[in-house]
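Scroll down for the structure; my scribbles are underneath it.
The values are calculated or read from the model by the stated rules, or taken from the named source; none is laboratory data. What you see is a predicted model, and the numbers here were worked out from it, not measured in a lab. Positions of Cβ are generated from backbone atoms using ideal geometry, with glycine treated the same way; all protein chains shown enter the neighbour counts.
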């Protein structure tokens, strides 16, 4: 085949792939990305300093990814004069992601050109389109991570090996080994290519006579690439191999549930579900038809069998490993795009109806990617099996949870305990804490996450979820239709830094302790969110160790100037300083959506023998605050005294668990 059409296929595919991957790039941050960005920074720093040993940043080994990510980070540091550090890692996320997106897009173009070289231009274009618009592949191509890079490099190594089988040119065999070495430098599962390549050279009849030489050449080039391009291997081969062996043993024998004492049954269907969930129905259908068509065509049968061997072999390979994640299957999933590309190419070759069907398929996939952006990595097929308990979600959606809380009037002062705090803090204006701090009195909100589900009963995340199982979240964050994060309000007293003054009887002095103004009535308009309103929780202040006596009256009215619907007496001596107190009353039926006025008065309070309640001077809760410093005169209305701010309050409904002492 002429060289020019192949170049055109590659360039068109690479350009389209990059345009798709630039959509929403940098909008999210996932759990492992900050760590990879700092590894890349250390890696490139070691290269500049001539420190080969410093290029060892882990046993993945992630060398190709670190080179790319590090180049992006250094470029941004040079342009802005700002060095990436922990507080600024979020502002570097696009710089770290962009080189990966570019490299994967170029690899996608090269893969399309190689498919065109093997099976024709239409098949190459079809494969290129489906690789370009594979949402799961797109999502991981937008991360500062290794998985998309590993997948495309493994596919390229297989394609060039097939090209060598057909062409017989040694330079192509060397190229396949070089790409295999790059894949191995990216992530160790690429070691699967070694026995696979040897098997291909052995099983192809006209290659058997020289399969030992070809295998030795391929393995030699792969090994040389691995050793030469990873400077750490120049000095510390044996220690690095021992580290890698230790980590491989850990990955093979320990699952994501390894921290638990609970014994779990091995889930041999995990990757079967991942295949159905992460592949579009169009790709599955077209891949099946494309594979059958290739097996029936004599000139394509050999390559088709090799692809099927790669798909099945890698599927079994990852299934042998205890540590599992759907992204680990990505190299095998790309083979489906190649087969599906054959079907798409056949449609393009056929009559007008076939061309329209092909165009419609491309449009559907393009629209799907637009709808998913920037959450393509969260794609789940509508025909996937019912979700099993599994750790789904990698941090996507937490930026939306942060945006919800950033809209809070006190956002810079809020303290939030969350899963994946390293991600959340990059988007949140307040203070971020880990979930282990959720019981800290300063915490205003707790954010739980989808990926906490599906863990053993004795694990920490499961215990946290159980704590909030019967608590209504103030917001639920959805990503591509999936509930991804839940925001729960905590009873943080610190959000209400002031008090309204001592609550005293009508006619008592207007100045109290410390010459602060006293209050004869304090209230709040509230809106019931459910039927059966049956109580309110308030934060009282008793002026530290002072012993107060007497009573308060809680009034519940339909409006500030209406008659009492409920009245409750509260013994002042039982109140704790700066603590929540739940006050119950007979439930109000049909209360949902109704506005009520809840107020406190004191029939006997005097300065020095009175309590108060805490409030926030800004409006942060539904309703309005009322503070009366003196009794109303004739004709005056409480409604005229509505002020900015909110009491520290929470409503209680019939059936809610009691928070009383």
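Observations, loosely collected:
- Selected residue [in a loop (DSSP other than H, G, I, E, B), modelled with pLDDT under 95 and assigned by TED's automatic domain parsing to the domain that holds residue 286] from 90, 58, 53: 58
- Residue ID - surrounded by the most Cβ atoms within 10 Å (Cβ to Cβ), chosen from residues in segment 183-196 that are assigned to a helix (DSSP H, G or I) and in contact (Cβ under 8 Å) with a residue 40 or more places away in the chain: 185
- Matching residues, segment 475-507, being in contact with a helix residue (DSSP H, G or I) (Cβ under 8 Å, 6 or more places away or on another chain) and either assigned to a helix (DSSP H, G or I) or touching a residue at least 40 places away in the same chain (Cβ under 8 Å) (or both): 475, 477, 479, 480, 482, 484, 485, 487, 495, 502
- Strands (runs of 3 or more DSSP E) contained entirely in segment 557-661, each with at least 1 residues that are over 37 Å from the mean Cα position of the chain (by Cα), in contact (Cβ under 8 Å) with a residue 12 or more places away in the chain and surrounded by fewer than 18 Cβ atoms within 10 Å (Cβ to Cβ): 564-571, 579-588, 595-601
- Any hit, segment 249-272, residues being modelled with pLDDT of 90 or more, in contact with a helix residue (DSSP H, G or I) (Cβ under 8 Å, 6 or more places away or on another chain) and not in a loop (DSSP other than H, G, I, E, B): yes
- Top-ranked residue of segment 166-182 - restricted to ones that are out of contact with any helix residue (DSSP H, G or I) (no Cβ under 6 Å at 6 or more places or on another chain) and in contact (Cβ under 8 Å) with a residue 24 or more places away in the chain, ranked as surrounded by the fewest Cβ atoms within 10 Å (Cβ to Cβ): 170
- For segment 543-556, residues that are part of a strand (DSSP E or B) and under 47 Å from the mean Cα position of the chain (by Cα) total 3.
- Any hit, segment 63-83, residues being touching a residue at least 40 places away in the same chain (Cβ under 8 Å) and not in a helix (DSSP H, G or I): no
- Segment 118-154 - residue that is more than 22 Å from residue 362 (Cα to Cα) and in a helix (DSSP H, G or I) and, of those, farthest from the chain's Cα centre (by Cα): 118
- Qualifying residue in segment 210-221 (condition: in a helix (DSSP H, G or I), buried (at least 24 other Cβ atoms within 10 Å of the Cβ) and in contact (Cβ under 8 Å) with a residue 12 or more places away in the chain): yes
- Just so you know, in segment 420-446 the residues that are more than 17 Å from residue 90 (Cα to Cα) and touching a residue at least 40 places away in the same chain (Cβ under 8 Å) include one that is surrounded by the fewest Cβ atoms within 10 Å (Cβ to Cβ), and it is 441.
- Within segment 368-385, being outside any helix (DSSP H, G or I) and either at positive phi or touching a helix residue (DSSP H, G or I) at 6+ places or on another chain (Cβ under 6 Å) (or both) holds for 379, 380, 381, 383, 384, 385.
- The condition of being in the same structural domain as residue 414 (by TED's automatic domain parsing), surrounded by fewer than 21 Cβ atoms within 10 Å (Cβ to Cβ), in a loop (DSSP other than H, G, I, E, B) and without any contact (Cβ under 8 Å) to a residue 40 or more places away in the chain holds for residue 472.
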